[in-house]
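These notes concern the structure reproduced below.
Here, each number is a calculation from the coordinates, and none is a lab measurement. It should be emphasised that the depicted structure is a prediction, and the values quoted were computed from it without experimental measurement. Cβ placement follows ideal geometry from the backbone for every residue including glycine, while neighbour counts extend to all protein chains displayed.
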């Protein structure tokens, strides 16, 4: 099997979409936070807590969508913590973000051990099943790749459009972007910078948690430690890659997922017998760094990103 | 005020008091604003003008007092309430988002945040109508970041008008404008008043206050010290009310210059960007002499300042210090040789904004005794030095431990001046030493510079303000495209004659001589 065969197979493209889905949720979440002026490094931990909470809820008997809701709420709770510390208290966003990641990851481990003390391998749930969209899923190559995914994947793609519309076509989006560009302009127009930024961080964290929940409830059917495995950090880079625009961030997520899906398949080619597998594992990251360098050179960073806003300060 | 006696009171401030720690920024201030009038709020930097307006607009909460707009008391601390009541504020530092368009900036926060769409088309039509009515031309779809300062200010005014403001507050609106832009702004304000708006114009520039206002309120040290009809006063009396003392123009007694302290011969530097480098400059700085450098900015002033300050190397010519300096020329060598610098931009190169006054005071001397010994800082010595500057130079501040960014420009400049002069320099490089300062601070800085000259320092005064150069200099040079004019003794040339030199006439061959 050579590269051309891989690129022409529907399973490859289906895998690209599947791998991209959690990245899309979490990247959108991070993008919303950063557009409002807050860097949320809690993303990695919030994805872990989302993965755990959604899976655990379903395991305890809720429906799948209720599980997604539980995951989102758990993420929003940690988002509230992050927002409280960084927005009204104006603490360092780096320190708070890493702290939230550590706390959320540890909370997930703790809750796991507490709720399943005598289990050696984590129980499985019945995850979201592929939902074949009539007619469209019959198109060769594209059909099985794009239109026989799970409902959560469709939601991810729809969310890109929704977030775009809100950011660029509503007064709320305008206020949110202004809070990230020059909070004083928001304040001068009689709006609350604190409320807008906190809202953005909380909602953004909710989306990150759904990204985590995708792993346990759609991609796999169980919860493992280390399953988020740096995806949160990738999403931070994807926001930069996407120049803080949802559509370009989607492109970045697909590109990264494409490299990732490709490297797994390349390992099975004759080349895989010669080249150490670590090289393949490295490929998506190296290519992402290169793409990041090329794409982000002229990006417009939100001017007030990571700048706390203190009302009344000169 | 005549003719407005019966006019409706649109705004009433009653007993506004605000303290920042031990500093009383506003002390029981009360006044009325009537429909269709322009009142000027006049005061030195740090007199409390901006604080007062921020209270009125709801950015700050007053410790005491109330604000009434159209008969309704405003809840303290809510800009939204002030906006809704018809108060619009144009801040000194613009509150615009650079990456967004003019229209987006104007629309921000005008409707409910939860409404489904931005009604951009209708908004654009309204903005264009307002632009035409008030003479505020600016393209609604342009990114704010691409606009000139004057255009940005128009956007700020449009923001207020778009929200149907009936009261406009302009905080130092002309500080950033060219004279032409100022004229256009005044046209706009006159149109606004004709349409029944009321305006509070904050400034410390007397000629503007005389030109635009009908009534003047004078603030000093947080207190309202005077209220006069503009027609019944003049610049001189206003200046005295503002400063609280009689203003005397600086006097330069004739004095024979002393020995040469620095001699530049045939100095050249590399051009930087669009600004020319120096080409063949001959200049001698002598003890007890102020040399004024007149010229339109961007003609090589920064190159000369950086050369003397040690930030730039000449590419040709010789530079001799007396007594001679050995080793490389650098900022450190300049300081060690007794060169003191008052930099052009006090925020960017003069101070570190988040450092305390103490830290800023020893920025140039921290590695010398008594501020450090054997590699350890002696902070009590440093603080003693800061306290001495604060006292001697009348720096108004919460204390030596305050961050310097909390200070007004004038007070920041006084600290820089004190830091430079207290080091006992032989040569003082004063680059735009009074830019943006009010009369009191200007007089203070000038008198200190003259005292330093009388004590035997050589001073190079670089300024775009010809009046300042003419009042303070023993010798005047004009700089044009990196060339230096001959030295003109004080009083030899009229401003008009110097203006001709500043426009580049009289230089042999102009820039081509390089």
**Request:** Sort A:33, A:235, B:397 so that the residue with the fewest other Cβ atoms within 10 Å of its own Cβ comes first and the one with the most comes last.
**Result:** B:397, A:235, A:33
**Prompt:** Under the definition of Cα pairs under 8 Å and six or more residues apart, what whole-number percent is the relative contact order of the range B:348-424?
**Reply:** 36
**Message:** Out of all DSSP beta bridges in chain B, what portion is antiparallel? Express it as a percent rounded to 5.
**Reply:** 55
**Request:** Could you list the residues of the range B:350-372 with an amide nitrogen less than 18 Å from a label point located 7 Å from the Cα of residue A:310 in the Cα-to-C-beta direction?
**Result:** B:352-360
**Message:** Neighbour counts of other C-beta atoms within 10 Å: give me B:371, A:154 arranged from fewest to most.
**Reply:** A:154, B:371
**Request:** Would you calculate a helix-derived [θ] at 222 nm for chain A, using -39,500 (n - 2.57) for each DSSP H run of n ≥ 4 and dividing by the full residue count, to the nearest 500?
**Result:** -22500 deg cm²/dmol
**Prompt:** What percent does the relative contact order of the range B:9-243 come to when contacts are Cα pairs within less than 8 Å and at least six residues apart?
**Reply:** 28
**Request:** Grab the DSSP H runs of chain B that are 4 residues or longer, score each as -39,500 (n - 2.57), total them, divide by all residues and round the 222 nm result to the nearest 500 deg cm²/dmol.
**Result:** -9000 deg cm²/dmol
**At R0 = 45 Å, FRET efficiency that the Cβ-Cβ distance of residue B:381 and residue B:282 yields, to 0.05** = 0.60
**Asked** Cα-based Rg of chain B per 2.2 N^0.38 Å, rounded to two decimals?
**Response** 1.07
**Asked** If you bin every alpha carbon distance in chain A into 20 Å steps from zero, what whole percent lands in each bin?
**Response** 32, 56, 11, 0
**All Cα pairs of the range B:398-514, percent lying beyond 21 Å** = 48
**Asked** Using 7 Å Cα-to-Cβ label points, what is the residue B:122/residue A:66 separation (nm, one decimal)?
**Response** 4.4
**Prompt:** When the Cα atoms of the protein assembly as shown are enclosed in a convex hull and the volume is divided per residue, what value in Å³ results?
**Reply:** 234
**Prompt:** Which FRET efficiency value, to the nearest 0.05, do you get for residue B:374 and residue B:352 by plugging their Cβ-Cβ distance into 1/(1 + (r/R0)^6) with R0 = 35 Å?
**Reply:** 0.90
**Prompt:** Kirkwood hydrodynamic radius for the range B:38-126: how many Å is it when counted over pairs of different Cα atoms?
**Reply:** 15.4
**Request:** Pull out the extension gain between residue B:467 and residue B:435, defined as 0.36 nm times the separation in residues minus the alpha carbon to alpha carbon distance; nm, one decimal.
**Result:** 10.2 nm
**Request:** Quick one: compute the contact order of chain B, relative version, from alpha carbon pairs under 8 angstrom and 6+ residues apart, as a percent.
**Result:** 15
**Pair residue B:28, residue B:332: separation of 7 Å Cα→Cβ label points (nm)** = 5.7
**Complete:** FRET efficiency for residue A:157 and residue B:84 from the Cβ-Cβ distance with R0 = 56 Å, rounded to 0.05, comes out at 0.85
**Item:** Spherically averaged projected area of the range B:348-424 from its Cα convex hull (nm²)
**Value:** 4.7
**Message:** Over the Cα atoms of the range A:188-283, what radius of gyration and what Dmax do you get, in Å?
**Reply:** 18.1, 65
**Fill in**
Quick note on B:8, B:344, ordering by fewest other C-beta atoms within 10 Å, gives B:8, B:344
**Message:** From the convex hull of the Cα coordinates of the range B:319-393, what is the mean projected area in square nanometres?
**Reply:** 6.6
